[in-house]
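**Q** Let me begin by handing over the structure; questions about it come next.
The values are calculated or read from the model by the stated rules, or taken from the named source; none is laboratory data. Quantities reported herein were computed from a predicted structural model and do not represent experimental measurements. Here the Cβ positions follow ideal geometry from the backbone for every residue, glycine too, while neighbour counts run over all protein chains shown. With ligands, DNA and RNA removed, areas are computed over all heavy atoms of the protein, side chains included. Shrake-Rupley method; radii C 1.70, N 1.55, O 1.52, S 1.80 Å.
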Amino acid sequence: MLNVFYTVDVEVWCDGWNDIDSKFPAAFQSYVYGPTAAGNFGLPFQLKLLSDHGLTGVFFVEPLFAARFGIEPLREIVGMIEAAGHEVQLHLHTEWVDEGRPNTILPNSTHKRQYLRMFDLAEQTQLIGIGLDYLAQAGARRPNAFRAGSFGFNHLTLQALQAHGIVHDSSYNATMFGPDSGLVPGTLLTDCCAFDGVLEHPMTVYDDGFGRLRHAQLTASSSAEMETLLWQALERGQSEFVILSHNFELLNPAKNRADAVVVKRLEKLCRFVSDNRAHFNMSGFHGLNARTVQTQPLPLASTRWKTGMRTLEQAYRRRYQ
């Protein structure tokens, strides 16, 4: 049985930092609900699709925006996720740290630091505590898993998580900051492993057949690639498979139409995992019976043919978005 995590980073952005107070109401509707002429394709759509197939998603919710816009929008997000029976976990985008009102989130932090790794251990520990407090105020069950915004973490992050009793982290991405995070220098993490009381659940990555690593994401991987990689991970005895998505990922860049290709990819993924639940367990981190590996496996591998077919599909997406 392969543990499969469908993880969704839930974020709200105002497409810049100017005049964000007037922009936020429309941005919230666009990023969270995803209204289009053909219906809503935001967070509620993903929640329902997963639930209809009897699957549990992990929703890493970014709460620091509440320091600027109050707790009610965050409570709305948390409420719809938990009402649908899915997990709320903690996600931090530190771009919000200097945007709090009336004061910044951290004393004397008055400039943008994009990644959590740019903060020292004491600051990271404090920020994680603040994020947990906002989620608690919003009515969330206490998280036991974390993901740093843009995967921008380091080895200090795991110490900060341990201080708050968070035992699962999914911030390691071998295509981004993972290799220079300070976790096992010289080793690429591709499967579940333990670090001083915290379990690291790396993003699933794969070789695209041309020697380039990609992470498993709906917007970056075709359905054929995803299904092949899932079978491959199962057959070689991998512990888990971690997929990335976002609450706004089923929309085109302008967020005024559904991205039909990505919507179909999610529908196919849900159907595939549901039809093969004897082999794949899509669930969350609460109550997880995790299996760590002693030796990190090589990245999974796609083929040049599948990469070529996906390239054509991506070109179609760009043409009709």
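**Q** Build a GNM of the chain with springs between Cα atoms under 10 Å: which of A138, A278, A220 gets the top mean-square fluctuation?
**A** The residue with the greatest mean-square fluctuation here is A278.
**Q** Separate question: What ranking do 7-15, 69-77, 182-190 get when scored by the average of other Cβ atoms within 10 Å per residue, highest first? Can you show the working numbers first?
**A** Details: 7-15: 21.1, 69-77: 17.3, 182-190: 15.3.
Ranking the peptides 7-15, 69-77, 182-190 by packing returns 7-15, 69-77, 182-190.
**Q** Magnitude of the Cβ-charge dipole of the chain, K/R +1 and D/E -1, about the Cα centre, nearest 20 debye? Write down the numbers at each step before the final one.
**A** Details: 28 positive and 33 negative charges, 176 e Å.
Charge dipole, the chain, about its Cα centre: 840 debye, nearest 20.
**Q** Whose amide H sits under 5 Å from the amide H of S239, counting only residues 5 or more places off or on another chain, with H placed in the peptide plane?
**A** C192
**Q** Run the numbers for K23 and S274: contour at 0.36 nm per residue of separation, minus the present Cα-Cα distance, in nm.
**A** My answer for the length gained is 86.4 nm.
**Q** Picking from K255, K268, K23, which is most flexible by a Gaussian network model of the chain using Cα springs under 10 Å?
**A** Of K255, K268, K23, the Gaussian network model singles out K23 as fluctuating most.
**Q** Projecting each Cα onto the charge dipole of the chain (Lys/Arg +1, Asp/Glu -1 at the beta carbon, about the Cα centre), which of G182, G149, T204 comes out farthest on the positive side?
**A** With unit charges placed on the Cβ atoms, the residue in question is T204.
**Q** Among T36, G70, G139, which residue has its Cα positioned farthest towards the positive end of the charge dipole of the chain, with +1 placed on the Cβ of Lys and Arg, -1 on the Cβ of Asp and Glu, and the dipole taken about the Cα centre?
**A** Positive-end residue among those listed: T36.
**Q** Restricting attention to the stretch 133-209, which chymotrypsin sites (Phe, Trp or Tyr not before Pro) occupy a DSSP loop and are surrounded by at most 12 other Cβ atoms within 10 Å?
**A** On the way: sites: Y134, F146, F151, F153, Y172, F177, F195, Y206; in loops: F153, Y172, F177.
Here no loop site has a sparse enough neighbourhood.
**Q** How much of the accessible area of the stretch 2-320, probe 1.4 Å, is carbon plus sulfur, in whole percent?
**A** Values: 6680 of 12870 Å².
Here carbon and sulfur together make up 52 percent of the probe-accessible area.
**Q** Going 7 Å from the Cα of T187 in the Cα-to-Cβ direction, what parts of the stretch 213-248 have a backbone nitrogen less than 17 Å from that spot?
**A** In the stretch 213-248, the label zone of T187 (backbone N under 17 Å from the point 7 Å along Cα→Cβ) covers 238-240.
**Q** Now, a different point. Simple spin-label model, 7 Å along Cα-to-Cβ: L121 to N256 in nm?
**A** About 5.1 nm separates the two model spin labels.
**Q** Related question: In deg cm²/dmol and to the nearest 500, what is the mean residue ellipticity at 222 nm of the chain if only DSSP H runs of at least 4 residues count, each as -39500 (n - 2.57), divided by the residue total?
**A** Numbers: 9 runs with 108 residues, N = 321.
Mean residue ellipticity, 222 nm, calculated: -10500 deg cm²/dmol.
**Q** For a 18 Å ceiling on Cα separation, which of these pairs sit above it: K48/K264; K48/K255; K48/K268? Can you show the working numbers first?
**A** Details: K48/K264 15 Å; K48/K255 20 Å; K48/K268 14 Å.
Long pairs (Cα-Cα over 18 Å): K48/K255.
**Q** A follow-up question, please. Below 8 Å, C-alpha to C-alpha, sequence gap of six or more: please give me the relative contact order for the chain in percent.
**A** On the way: 630 pairs, mean separation 73.7, N = 321.
Once divided by the residue count of the chain, the mean separation gives 23 percent.
**Q** For semi-axes √(5λ) of the Cα gyration tensor in Å, the choices are (1) 43, 18, 18; (2) 29, 25, 18; (3) 28, 21, 20; which was calculated from the structure?
**A** Read-out from the structure maps to (2).
**Q** 5 Å is the cut-off here: which amide hydrogens, built 1.01 Å from N in the peptide plane, fall below it relative to F195, excluding neighbours closer than 5 in sequence?
**A** The list, which skips near neighbours in sequence, is E200.
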